[in-house]
Amino acid sequence: MSLDRVLAATLTMLAVVATSLPGCTPQDPIARPTSGDEVALRIDRLNQQMADVARSQRDATAGLRPVLEAVRELDAFVAGMRDPERIRSVEDTWPRVDAAYTSVDPTGLRASLVELAVDVDVARVTLARAREALPQTWERRYLDAEDQVLMAVRSYAEGTDALVQVLQRHWPTYGQVHAACAAFVSANEFYRTSQEAVQAYEVRVGRMLGPLAGAQGEFVRFRDAQVEAAASVNRASETAAGAWAARPSGAATP
């Protein structure tokens with residue numbers, strides 16, 4: 001599988017996961033509890049922290065997506081430039097590829113994932129305290145479902161962090177590839193045939209193709225784990241959304 005396809009699939013999964021957390025959307029606010037309703041207060045506090053988790057996840061996704069898109073664009077460009085049938089049309093896409101790459105930097109991506117993991121841990125503490133005070137009723141079922149969501153999000157954060165570390169580790173390779181592509185395009189040399197142009201391009205990037213292939217292979221391995229973690233978040237979120245929808249009388253407590 002090419003890195004272009006790997007990153008496209010990862011980008012799609014990121015978009016799905018970023019909107020999947022239940023119980024924390026503006027369209028479905030929790031009923032405000034009365035001052036004497038301790039159970040509702042606990043659930044309200046948890047749902048607010050679930051909203052913090054969702055917000056942190058959106059922030060992490062927002063930072064990661066353009067970096068993945070830039071790498072995907074560069075990978076597609078390299079593949080197209082090595083194809084005599086496509087090199088002419090692909091070369092015309094360089095301004096877009098160049099702009100995508102030069103506008104991103106993966107250096108700070110891990111910070112937002114650490115923040116996400118911390119928000120998850122805080123929410124799980126609140127959830128555990130609420131569980132101790134609740135009877136074996138709807139609230140307990142809802143808390144159990146939300147705990148599964150939080151554990152899945154924690155695993156997702158760890159898997160995404162591993163993917164980010166791969167990005168950071170191989171970023172110098174992408175930098176070299178980007179510089180070689182820029183030099184080839186800016187040279188604006190004339191080639192009699194597309195095959196001749198491909199051969200000239202291969203001279204520019206040839207020594208980098210091995211490291212680039214290694215980076216692509218590592219992306220595939222870490223992407224598989226990250227996508228499975230994202231799918232687990234989606235499954236847990238569906239269960240929790242069902243538990244929330246089943247709350248008696250549309251309120252936080254019976």
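Assorted remarks:
- A Förster distance of 35 Å, applied to the separation of the beta-carbon atoms of Q165 and Q48, puts the FRET efficiency at 0.65.
- Relative packing of peptides 233-240, 213-220, 143-150 - highest average C-beta neighbours within 10 Å first: 143-150, 233-240, 213-220
- A crude spin-label estimate for the pair R235 and F190, with each label 7 Å from Cα along the Cβ direction, gives 6.2 nm.
- Using a Förster distance of 51 Å, the FRET efficiency for A200-V122 (Cβ separation, nearest 0.05): 0.35
- Positive end of the dipole of the range 129-207 (Cβ unit charges, origin at the Cα centre): among A157, A133, Y191, the Cα lying farthest that way belongs to Y191.
- Using the Cβ of L113 as centre and a radius below 15 Å, the other residues enclosed give a net charge of -2, where K and R count +1 and D and E count -1.
- Cβ-placed point charges (K, R +1; D, E -1), dipole of the range 178-254 about Cα centre in debye, nearest 20: 160
Just so you know, all these numbers are worked out from the coordinates, no wet-lab data involved. Computed from a prediction, not measured in an experiment: that's the story for all the values here. Ideal geometry is used to build each Cβ from the backbone, glycine not excepted, and the neighbour counts take in all protein chains shown.
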